[in-house]
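Report on the structure given below.
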Amino acid sequence: MWTTARRFLVASPGLHLRSTLCAALCTLLAAVALAQQPPKAKKLIEYGWDVPYPDFVRQNIREMEKLPFEGLIFRLPKGTNVFTRDKWDEAQFAQVMDDCKNIQWQKFTDNFVSVLAASTMDWFSDADWEAVRHNLGIVAKAAALARCRGLCFDAEPYGNNPWSYSNQARSKDKSFAEYEAKAR
């Protein structure tokens, strides 16, 4: 196939030049078009050791929005470690949901609810995964009520480490490869 194409290009030198010029022109036009588009603005989101709760945000949002950020990350009381065997009682989050619903954002447009990686669950337990799904549903509902962009997953384990194979519930009877496959 290459030989046929080569013969064709050698036999038609003008075609080769036109093809090269056409490709160069297309590349140049694409570069010019991209250069004319303004870059997407970067946003600065506040997140630190002092992660606030929704009630604090609701009560202090005007002062908080004086800071040089476009958004923040907040957490739910007793609601950051979702990777647990225990299903949360949604009724215990009623006040939290009300606080989330009543945050009056003005300047902060890119806000998130924090979810931490610490885990007591068994990766191979369907019941544990059901608890995680349930708990994440509560966090997602709070984020939706607060009109957040989404959730912030903090992969650093502040507690039981889900990334440590030797600490896992079934590390004695499940291989590392089995855990790796399950985690993916």
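Computed from the coordinates by the stated procedures, all read-outs in this text should not be read as laboratory data. All of these numbers come straight from a predicted model, not from anything done at the bench. Don't worry about glycine lacking a Cβ; one is built from the backbone with ideal geometry, like all the others, and counts go over all protein chains shown.
Can you check what the net charge comes to around Leu151, using other residues whose Cβ is under 12 Å from the Cβ of Leu151 (Lys, Arg +1; Asp, Glu -1)? Don't skip to the answer; put the middle values down first.
On the way: positive: Arg75, Lys141, Arg149; negative: Asp154.
Its environment carries a net charge of +2.
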> How much length is gained on full extension from Asp110 to Ala169, taking 0.36 nm per residue of separation minus their Cα-Cα distance?
Replying inline: 17.5 nm
> In the stretch 92-178, which trypsin sites (Lys or Arg not before Pro) are in a loop and have at most 11 other Cβ atoms within 10 Å, using DSSP for the loop call?
Replying inline: Lys172
> Which far-off residues, 5 or more places away or on another chain, put their amide H under 5 Å from the one on Phe83, with H placed in the peptide plane?
Replying inline: none
> Residues with beta-carbon under 15 Å from that of Lys43, excluding Lys43: net charge, scoring Lys, Arg +1 and Asp, Glu -1?
Replying inline: 0
> From the Cα gyration tensor of the stretch 127-184, with a ≥ b ≥ c the square roots of its eigenvalues, which class applies: rounded if a/c is under 1.5, or else prolate if a/b is larger than b/c, or else oblate?
Replying inline: prolate
> What is the stretch 71-184's relative contact order, in percent, from Cα pairs under 8 angstrom and six or more apart in sequence?
Replying inline: 33 percent
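So how do 41-50, 66-75 stack up, highest first, on mean other-Cβ count within 10 Å?
66-75, 41-50
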> Given the pairs Lys101/Lys141; Lys87/Lys141; Lys42/Lys101, which span a C-alpha to C-alpha distance of over 21 angstrom in this model?
Replying inline: Lys42/Lys101
> Near the amide H of Leu72, under 5 Å away, which other amide H atoms are found, from residues 5 or more places off or on another chain, if H is placed in the peptide plane?
Replying inline: Glu46, Asp110, Asn111, Phe112
